[in-house]
1. For the stretch A:31-46, enumerate the residues that are within 26 Å of residue B:25 (Cα to Cα), crowded, with 19+ Cβ neighbours inside 10 Å and not hydroxyl-bearing (Ser, Thr, Tyr).
2. Filter the stretch A:134-154 down to the residues that are more than 9 Å from chain B (Cβ to nearest Cβ) and charged (D, E, K, R), then identify the one that is surrounded by the fewest Cβ atoms within 10 Å (Cβ to Cβ).
3. When the stretch A:160-185 is examined, which residues are found to be over 20 Å from the mean Cα position of the chain (by Cα), within 14 Å of chain B (Cβ to nearest Cβ) and of a type outside the set (Asp, Glu)?
4. Contact list please: Cβ distance under 8 Å, first residue in the stretch A:21-50 and not assigned by TED's automatic domain parsing to the domain that holds residue A:7, second residue β-branched (Val, Ile, Thr) and at pLDDT 85 or above, pairs at least six apart or on different chains.
5. Does the stretch B:185-196 include one or more residues that are modelled with pLDDT of 85 or more and of a type outside the set (A, V, I, L, M)?
6. Restricting attention to the stretch A:61-81, and to residues there that are within 9 Å of chain B (Cβ to nearest Cβ) and without any contact (Cβ under 8 Å) to a residue 12 or more places away in the chain, which single residue is surrounded by the most Cβ atoms within 10 Å (Cβ to Cβ)?
7. Please go through (1) under 22 Å from the mean Cα position of the chain (by Cα); (2) on the phi < 0 side of the Ramachandran plot; (3) surrounded by fewer than 18 Cβ atoms within 10 Å (Cβ to Cβ); (4) without any contact (Cβ under 8 Å) to a residue 40 or more places away in the chain for residue B:159 and return the number of the only condition it doesn't satisfy.
8. Could you grab me the full set of residues in the stretch A:24-44 that are within 7 Å of chain B (Cβ to nearest Cβ) and either touching a strand residue (DSSP E or B) at 6+ places or on another chain (Cβ under 7 Å) or not aromatic (Phe, Trp, Tyr) (or both)?
Amino acid sequence: MEDTVLLKALRRNPDTGMEALMEQYAGLVDSVVRGKLRTPPFSGEDIEDCVAEVFLEFYDGLPRFDPARGSIRAWLCVIARNRAVDRVRRQYAGPDLVPLDDAPLPAEGNSPEREIIRQEDRDRLLRELQGLERVDREILFRKYYLAQPSREISERMGLTVTNIDTRAHRAIGKLRKRLEGTDRG
Amino acid sequence: MDEHLAEFFDELSPAELDTLIGDLSLDDAPDQKALKRLKARVRRAHPRKRRKTALRRWLLPFAAAVLAVVFLANAGLLTTAAQWTQSVLGLEASPIQGFQADGTADFQGRHIDILSHTLLVCEEAEAVSYQVELSDLSFGEPRRGHQQTAPHAYIYLYVDGQTADSGELHEGEPLVLDGGPGTCLLVVVSTVKATISGTITRSVGEVAS
């Protein structure tokens, strides 16, 4: 179902709209959340809870949703990732507080200049990733965004594990070479 | 590179994600049992919204419709949809919208069933006079709830929402109303049901200051 149709359904009849939204994107949202909460102490229950939270948050933010700033799929991915990361942070935020005097100083790398360079690096990497073959882009997305192991990627994409690993290795090599090339140029 | 890529992917905005994965078919089929549980979970978490939706979808329009019917029935105004429109808005659905080249506008067999009938709506750039002459005026039965009312018909000229002039209508007797500039409405009000026909003649610049 296209975004416009989904949005119309969500606004006209939230119950059926939400059902359609979940049917279409529950698999992907689950994958994003699972990527962050895959290992103990998180359980399947935590993952399901987080996935539900993602859809509810999307619904709550619907009045502010702007399709020009990203598709429903992309927004769900970002919300899912953020909610999962929040859970990880909450889980590992211990009661131990570091006294201010002992806290490490902020790294020098956080200056505005560094930020600009970092953003430029990001833009370049994004461009180079876009230039990769579709299959390679999907492998890298699954590997680094969804944190799926090679075996799971191979099942999802219908390729052998060896093929997945080889393609990922070559794609990263290609990226590295291109980025180094633009650095020199 | 692995760490760099993981960090990069983590910080992608929705728009960046779209450029990167927009053409990929990543919508993996969900586990059906998990999907069922998810739907139940979302439904449970949103009872307030569901109630609000039901209220908005059914109860409020229903209550509004009932109130409208009760109000109209009490006012003796519930006859036809056209009359409803007239009574609520005080406007007839299709008033004369303008004049012919000779400055006249004819109206034939206009029924004044309820309260008022808008004969003419026009935007005037200058001060104007309207001469309203009835060729036919026939009074019918009294309006409901007004059994003892003597039959009379009046015409009102509203300019920009204010009454500029008015007078009683008699068949064969021309009546001159002065108004404008502004949005002019000629509204006929009859004490009983009536049918009118006639001509409106528009003259520019004849309004006494």
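1. Residues satisfying the conditions are A:32, A:33, A:34, A:35, A:36, A:37.
2. A:151
3. Correct list: A:169, A:170, A:173, A:174, A:176, A:177, A:178, A:179.
4. Hits for this filter: zero, empty list.
5. Within the stretch B:185-196, one or more residues are modelled with pLDDT of 85 or more and of a type outside the set (A, V, I, L, M).
6. For the stretch A:61-81, the residue satisfying everything is A:70.
7. The single condition residue B:159 does not satisfy is (3).
8. Of everything in the stretch A:24-44, those that are within 7 Å of chain B (Cβ to nearest Cβ) and either touching a strand residue (DSSP E or B) at 6+ places or on another chain (Cβ under 7 Å) or not aromatic (Phe, Trp, Tyr) (or both) turn out to be A:24, A:26, A:27, A:28, A:30, A:31.
The values are calculated or read from the model by the stated rules, or taken from the named source; none is laboratory data. What you see is a predicted model; the values in this text were computed from it and never measured. Ideal geometry is used to build each Cβ from the backbone, glycine not excepted, and the neighbour counts take in all protein chains shown.
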